[in-house]
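First comes the structure, then the notes that go with it.
The values are calculated or read from the model by the stated rules, or taken from the named source; none is laboratory data. Bear in mind the structure is a predicted one, so any value in this text is a computation, not a measurement. Cβ coordinates were reconstructed from backbone atoms using ideal geometry, including for glycine residues, and neighbour counts include every protein chain displayed.
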Amino acid sequence: MKNISNKIYSQLFKLSRACIVLLTVGYSLPTTAADYPEAGNFSNGSKVWADNCNRCHNMRGPKELKDDQWISTAFHMRLRAGLTGQETRDIITFLQASNTKTVVSGATQVSAVISKGSTGKETYEKTCIACHAGDGKGAFPGTPDFTSSDGVLSQSDSVLMDHIINGFQSEGSPMAMPPKGGNPNLSETDVSKVLGHIRKVFGR
Amino acid sequence: MQCSCYSFRRKILATVVSISLPLMASAESSNADLQTQIDVLQNQVTALNSEVQQAAEWKNPNTLIHMAGYADVGFISPENGNDSFVIGTFSPIFHFQYRDVVMLESELEFNIGEDGETEVALEYLTIDWFVSDYATILAGKFLSPVGQFRQNLHPSWVNKLPSAPPGFGHDGAAPISDLGLQVRGGFPLGGMRTNYAVYASNGPELNSETEDELEFELEGVRAEGFGADRDGDKTFGGRFAILPVSSVEIGLSFVTGQATVTELENGVEPATPGLESGFIGSETARDYDVIGADFVWFTGNMSFRGEYVKTEIGEATTGTTTGEGAIWESLYTQLAYRLPGSKWEGAIRYGDFDSPHNSQDVTQVMLGVNYIVSNNFIAKLGYEINDGETGSSADDNRTLLQLAYGF
């Protein structure tokens, strides 16, 4: 009888210990997440995407999945890469905004917060730098080296404007640049300014 | 004159009527056709509206269902042995997500054994509760967070080479998976980013083997997520990593707990039925400790990574298996470089695995060339130079071809 009592006490002790842990977690953290899907930051999303995905595997372009598929994929990668919730939302925002939408109506899509600079330099730093890097040599495989003397900048402005505005896939690159670098808020004037900045800083 | 005028009027009237009647008839006919077309269009628009509404309803669900995964097929040519076409694995991953609150993740693993039988395993299954921006609770069977290879790099479309580093497969030095409760996430620390994982689990089991039917020796640590805790003591472990800059990650891992021999191998048929369970019953729990360290540095077209893991099993005072402890130790470093502006990539890996059994020890250099057809479809050619105990399979060099596809 005493043994049975001891076992019951032991099990109750273990159970209460588990309850304390769960209650502590439950009360110290919100029980439900914030509004879903919550808008993230496009510029930060492009940076986090460029900084993290290539650490383990080849980059997956925004066009590879539909908008709703990117949500589950990003949450899966949140766990794999140790991303914060905000970084995850930022990446979803970037990928969805950069995605070429075959079905626009009704698609699960966050409202992107996409800022753009007033100068070519600012636009480059907010929209282009994640993939093309601060030194213009490309942040990961597949992005062209702007500093190469016979590289992409040897082409005319009209060709480059067309590539930036409509998107383009370089030869040998497994991933296409999305139209306007994924930032639909860019006007033709903005694109012209950022091209001027790229030529000025990286052109040979 | 009047007569001629009257006649002329009649002629005109007759002409007008003769022209108007067919036109009126034609107009009535066109109106009817038009009405028919409008009716058809109206029906189509109604049907489309209904379809669009249904599509819109489905595309905004709180619940998302998603399938990902990977598969690989290949060809293996050992220097001393028969060449074989192989199916590495087909590993679908299922995601069932409710908003940003919870997600069920599960990966199955299908492959074909040498005997042609299809083998199925549950690689992992967790319910992930996103409790805050910085913490997620995972419950179920999860990939071991020790190091990077098992949890992030083992999928064939991610791995730069067509084989795992020695010691990072089954019965190696690195734990594969475990069953329990895990908390993981990431948070900023000063100007750095960090990520972490801590867990409590059932822990691994041990198997022992005999060659002379007299003495059993520890054969391996089976850290593959058991559904029961047969030693009764929970295992605790985790990993903490910092990213001082975005292109560098450095991680440290640990596991501590207890493990017991639960399987005696190599066909020792007990003379008396039930004797084997008697042998097992006499085994006692041993200390189980793992330490690990890993790093990765990537920039532009190049990535350089490495990992070290050591598993130590303590001594036992009683039991059928020898009382001595044992150590499994493994490390690898890998450099991969992709030619700028091309789809070609080269990789080289050095690995070393030490176990209590000389026949398993190996020092390996692997050279590989990859053609990246697309970012998730890679053709790999690799050559393993293995230096192990003479005459053992661990000493056999191999050529491997692999097509890996991530989806």
Selection from region B:79-104 of residues that are more than 14 Å from every other protein chain (Cβ to nearest Cβ), in contact with a strand residue (DSSP E or B) (Cβ under 9 Å, 6 or more places away or on another chain) and not small (Gly, Ala, Ser):
B:GLU79, B:ASP83, B:PHE85, B:VAL86, B:ILE87, B:THR89, B:PHE90
B:LEU179 modelled with pLDDT of 95 or more and among the aliphatic types (A, V, I, L, M):
yes
Which condition from (1) in a strand (DSSP E or B); (2) at pLDDT 95 or above; (3) touching a Phe, Trp or Tyr at 6+ places or on another chain (Cβ under 8 Å) is the one that B:PRO165 breaks?
(1)
As an exercise: evaluate A:LEU153 against (1) surrounded by 17 or more Cβ atoms within 10 Å (Cβ to Cβ); (2) closer than 25 Å to A:ARG60 by Cβ; (3) modelled with pLDDT of 85 or more; (4) not small (Gly, Ala, Ser) and give the number of the one condition it does not meet.
(2)
Restricting attention to region A:58-88, which residues are outside any helix (DSSP H, G or I) and either closer than 24 Å to A:ALA176 by Cβ or out of contact with any Ser or Thr (no Cβ under 8 Å at 6 or more places or on another chain) (or both)?
A:ASN58, A:MET59, A:ARG60, A:GLY61, A:LEU65, A:LYS66, A:LEU83, A:THR84
Answer yes if at least one residue in region B:132-143 is within 25 Å of B:THR321 (Cβ to Cβ), within 14 Å of chain A (Cβ to nearest Cβ) and at pLDDT 95 or above, and no otherwise.
no
Enumerate the pairs (first residue in region B:207-218 and under 18 Å from B:ALA316 (Cα atoms) and of a type outside the set (Ser, Thr, Tyr); second residue anywhere and part of a loop (DSSP other than H, G, I, E, B) and at pLDDT below 80) with beta-carbon separation below 7 Å, excluding pairs fewer than 6 apart on the same chain, so at least 6 apart or on different chains.
B:GLU209/B:ASN266; B:PHE216/B:THR320
Does B:LEU214 fit the bill of being farther than 25 Å from B:TYR134 by Cα, assigned to a strand (DSSP E or B) and away from every other protein chain (no Cβ under 14 Å)?
no
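Residues are listed down the side, and each one gets a yes or a no for (1) among the polar types (S, T, N, Q); (2) away from every other protein chain (no Cβ under 14 Å); (3) out of contact with any Pro (no Cβ under 6 Å at 6 or more places or on another chain); (4) within 28 Å of A:GLN69 (Cβ to Cβ):
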residue: B:ALA47; (1), (2), (3), (4): no, yes, yes, yes
residue: B:ASN62; (1), (2), (3), (4): yes, no, yes, yes
residue: B:ALA71; (1), (2), (3), (4): no, yes, yes, yes
residue: B:PHE110; (1), (2), (3), (4): no, yes, yes, yes
residue: B:GLU119; (1), (2), (3), (4): no, yes, yes, no
With the requirement that a residue be in a strand (DSSP E or B) and either crowded, with 22+ Cβ neighbours inside 10 Å or more than 21 Å from the chain's Cα centre (by Cα) (or both), what does region B:295-307 give you?
B:VAL296, B:TRP297, B:PHE298, B:THR299, B:MET302, B:SER303, B:PHE304, B:ARG305, B:GLU307
For the structure I just gave you, tell me whether B:SER374 is small (Gly, Ala, Ser) and away from chain A (no Cβ under 13 Å).
no
I'd like the full set of residues that are within 22 Å of A:PHE75 (Cβ to Cβ) and at pLDDT 85 or above, limited to region B:41-62.
B:ASN62
B:ILE76 - would you say it is more than 13 Å from chain A (Cβ to nearest Cβ), at pLDDT 95 or above and under 30 Å from B:ALA347 (Cα atoms)?
yes
Go through region A:135-150 and count every residue that is closer than 16 Å to A:GLY61 by Cα and among the hydrophobic types (A, V, I, L, M, F, W, C).
2
Restricting to region A:64-100, name every residue that is within 11 Å of chain B (Cβ to nearest Cβ) and charged (D, E, K, R).
A:GLU64, A:LYS66, A:ASP67, A:ASP68, A:ARG78, A:ARG80, A:GLU87, A:ARG89
Condition check for B:GLN148: polar (S, T, N, Q), closer than 17 Å to B:LYS310 by Cα and within 20 Å of the chain's Cα centre (by Cα)
yes
When restricted to B:ILE65, B:ILE38, B:ILE12, the only residue over 30 Å from B:HIS154 (Cβ atoms) and modelled with pLDDT of 90 or more is B:ILE38
Output yes when any residue across region B:308-316 is of a type outside the set (Phe, Trp, Tyr), surrounded by fewer than 18 Cβ atoms within 10 Å (Cβ to Cβ) and under 22 Å from the mean Cα position of the chain (by Cα), and no when none is.
no
Kindly indicate the residue of region A:28-57 that is away from every other protein chain (no Cβ under 11 Å) and either over 30 Å from A:TRP70 (Cβ atoms) or not in a helix (DSSP H, G or I) (or both) and also modelled with the lowest pLDDT among those meeting that condition.
A:ALA39
Could you tell me whether region B:326-339 includes any residue that is touching a Pro at 6+ places or on another chain (Cβ under 6 Å) and charged (D, E, K, R)?
yes
Just need a number here: residues in region B:150-199 that are away from chain A (no Cβ under 14 Å), on the phi < 0 side of the Ramachandran plot, surrounded by fewer than 19 Cβ atoms within 10 Å (Cβ to Cβ) and small (Gly, Ala, Ser).
1
